Amino acid sequence: MKRSMQDLENFTADFRELETVMDGVDFKRPPAVASAPTVGVNDGIFAAAERALECGQSLCWVLDADDRVVGEVTVQSVREAVKSGAYRAALRAADLMREPVQVVRDGQASDLPAVVELDADGRIAAFKLNPLAEFLPVAEPDLSGAEFRNLADAYLSTWISSTGEYIRSFESRFAAWNGMKHGVAVSNGTVSLHLALAALGVGPGDEVIVPDLTFAATINTVMHVGATPVIVDVDPETWCMSAELFAAAITPRTRAVIPVHVFGRPAPMTEIAAVARAHGIYVIEDCAEAHGARYDGKMVGEFSDIASYSFFANKIMTTGEGGICLTNNLEIAERLRMLRDHGMNPARRYWHDEAGFNFRMTNMQAAVGCAQLDRIDTFLSDRQGVMDLYRPALEGIPGVTLPTALPDRYQPVTWFACALVPADKRAALIAACKAESIDLRPFFNGLSAMPAYRRHARPCPVSYELSQTGVNLPTSRRVDAEVVAKIASIFRSVLDA
Ligand SMILES: Cc1ncc(COP(=O)(O)O)c(C=O)c1O
């Protein structure tokens, strides 16, 4: 049959579509090679470093032109080459590789953190991770995307302080991702709360309502601006402040409220914002632990005068240290910027309208943030996937309670996977996990329980109970079904005793 020109055009269009769908898939390689981090002998050492970060084990395998494993490159070896200056000689993976030691043949067992299994020809037949071969922390940053490239780019641009393309891009992209108009990036999630309070003019004589169950930065910053914190208990289902608890704590001096979306669980913001509006109270949402959580279909942060985020390395996305204030109000955004930049008048250099702060984020932090933002949806689904593994494995164990599933209006995210366990067994459980190189952390202490906040303490029985019984479980991408099974068996042995 003769092919018409139309056939040819259709074929080309189909092929293009296939190419787009399959973008990034390497057809030449069998699946085991595609999933194991590998580079070619002639690839550069920075390509090897990027690949090595991918599996969370800081190592990649080097393949010859026939896909045979000829060596391994570790992140440590790249670091040494960078530190010593050896990298200046345009090194290739082949120049840094060592003999392949993290390999097994014929399905042998291995307790190495990551291994590839080789076939008879020396090609990769399987790739295995053994996350429990080394200490497993509750959180690990995933820096295996474009973070390294962006960071090097920001560095080489010499815009290493707080001006630069990455800062501008990060501020506008993160704000847009959160459905907000303005972003003001800062050095961490503590100063973002401090800046928010200062920008809204909260100070001595004002009261600010905060939940008892939170990281201390929430209350510390209220005290740093000279205001009086008013602590309220949390709701037993959401673990967050409720509108009722907030309303009951309002006095004529209440100036602001800081709901905290703790461990990724959103506070009921429609109701809290309505109470705040009715009383002329500012809302500052502390979203440090809840990037991407929603309530009533809206992202957390969207309900506030100013939303505050942290990008510390254990957060859902990171910039190393870092934070941001988001707002929809241009006037507030300008004030945040001015106060963040020493209180300097933006139109008049070295003229200070107010005694401001230097709370700025660097362009290098923002460079990392831009790369993280590219993958935030993956981070969120990975974390959710980890929680989905824990739930069935831990649910039936006597004494263990998992976070209550919330009504549809709430769309929590997983920051840390959490479980509640009997208070009198928690220390033994943490110790048993530590003995197996697994990090298990107790929840934050309730603010009212700590001497630093004694003057502001209130009875907070729900928060107290949670703080005595809660544990954070490892939530990094290294957590797989085997890790979860191991943790479940430790839980069973300690809790049944
Ligand atoms: C609820 C909450 N608020 C504020 C902060 C402070 O953020 P950063 O550590 O970036 O200063 C944190 C960080 O752990 C947090 O969990």
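The values are calculated or read from the model by the stated rules, or taken from the named source; none is laboratory data. From a predicted model like this one, the values you see are computed outputs, not experimental measurements. Cβ atoms come from the backbone with ideal geometry, glycine included; neighbour counts cover every protein chain shown. Each accessible area value is taken on the protein alone, full model and side chains, heavy atoms only, with ligands, DNA and RNA left out. Shrake-Rupley method; radii C 1.70, N 1.55, O 1.52, S 1.80 Å.
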Output row, site H342, 7 Å Cα→C-beta label point, backbone N cut-off 19 Å, window region 194-220, residues 195
In nm, the gap between the two label points placed 7 Å beyond Cα toward Cβ at R391 and A216 is 3.5
With every protein chain in place, the accessible area of E334 for a 1.4 Å probe, in Å² rounded to the nearest 10, comes to 110
Rounded to the nearest 500, the 222 nm mean residue ellipticity computed for the chain from DSSP H runs (n ≥ 4, each -39500 (n - 2.57)) alone is -11500 deg cm²/dmol
Scoring region 25-129 by relative contact order with C-alpha pairs under 8 Å, at least six apart, yields a percentage of 26
In nanometres, the difference between 0.36 nm per residue of separation and the alpha-carbon distance of N329 and R277 is 17.2 nm
To the nearest 20 debye, the chain has a Cα-centred charge dipole, built from +1 on Lys and Arg Cβ and -1 on Asp and Glu Cβ, of 1140
Between T163 and A133, the two model label points (7 Å from Cα along the beta-carbon direction) sit apart by a distance in nm of 4.9
Given the candidates G122, T414, T218, the one whose Cα lies deepest towards the positive end of the charge dipole of the chain, counting +1 at each Lys or Arg C-beta and -1 at each Asp or Glu C-beta, is T218
With a Förster distance of 56 angstrom and the Cβ-Cβ distance between D296 and S84, calculated FRET efficiency to the nearest 0.05 equals 0.50
Percent relative contact order for the chain, counting Cα pairs under 8 Å at least six residues apart, stands at 15
Length gained if H224 through Y350 is fully extended, taking 0.36 nm per residue and subtracting the Cα-Cα distance, is 42.8 nm
Restricting to Cα pairs under 8 Å and 6 or more apart, the percent relative contact order of region 412-497 works out to 42
Ordering S463, S161, S187, S58 by the accessible surface of their heavy atoms, 1.4 Å probe, largest first, yields S161, S58, S187, S463
Checked region 178-285 with the C-alpha gyration tensor, a ≥ b ≥ c its square-rooted eigenvalues, rounded below a/c of 1.5, otherwise prolate if a/b is larger than b/c and oblate if not; verdict rounded
Of region 282-296, those with amide N under 17 Å from the point 7 Å along the Cα→Cβ vector of D408 are 294-296
Of the convex hull enclosing the alpha-carbon atoms of region 124-171, the direction-averaged projected area in nm² is 6.3
Taking 253-262, 486-495 and ranking on average Cβ neighbours within 10 Å, highest first, one gets 253-262, 486-495
Averaged per residue, the 1.4 Å probe accessible area of region 25-129, protein heavy atoms only, in Å², is roughly 52
Given 189-200, 416-427, the highest-first ranking by average Cβ count within 10 Å works out to 189-200, 416-427
With the 1.4 Å probe rolled over protein heavy atoms, region 147-374 has an accessible area per residue in Å² of 37
Extension length gain for R253 and A120 (0.36 nm per residue less Cα distance), in nm, is 40.2 nm
Among beta bridges assigned by DSSP with both residues in the chain, the antiparallel ones amount in percent, to the nearest 5, to 60
In this structure, the FRET efficiency calculated for D480 and R105 from their beta-carbon separation, with R0 = 22 Å, to the nearest 0.05, is 0.45
Gyration tensor on Cα atoms of region 224-370, a ≥ b ≥ c root eigenvalues, a/c under 1.5 rounded, else prolate if a/b beats b/c, else oblate, says oblate
Given unit charges at Cβ for Lys, Arg (+) and Asp, Glu (-), the dipole magnitude of region 147-374 about its Cα centre in debye, nearest 20, is 640
Ranked output for segments 224-233, 308-317 by mean other Cβ atoms within 10 Å, highest leading, reads 308-317, 224-233
Taking protein heavy atoms only, a 1.4 Å probe, and rounding to whole percent, the accessible area of the chain owed to carbon and sulfur comes out at 54
The distance between the Cα centres of region 283-323 and region 437-497, in whole Å, is 22
Averaging 1/r across every pair of distinct alpha carbons in the chain and inverting yields a Kirkwood hydrodynamic radius, in angstrom, of 25.0
Here the membrane-span-like helices of the chain, with no claim about any membrane, defined by DSSP H, Cα axial extent at least 20 Å and mean Kyte-Doolittle at least 0.0, are 481-496
Plugging the Cβ-Cβ distance of S437 and R492 into 1/(1 + (r/R0)^6) at R0 = 22 Å yields, to the nearest 0.05, a FRET efficiency of 0.75
Row for region 376-496, column shape: gyration tensor on C-alpha, a ≥ b ≥ c, rounded if a/c < 1.5 i.e. under 1.5, prolate if a/b over b/c, else oblate; value oblate
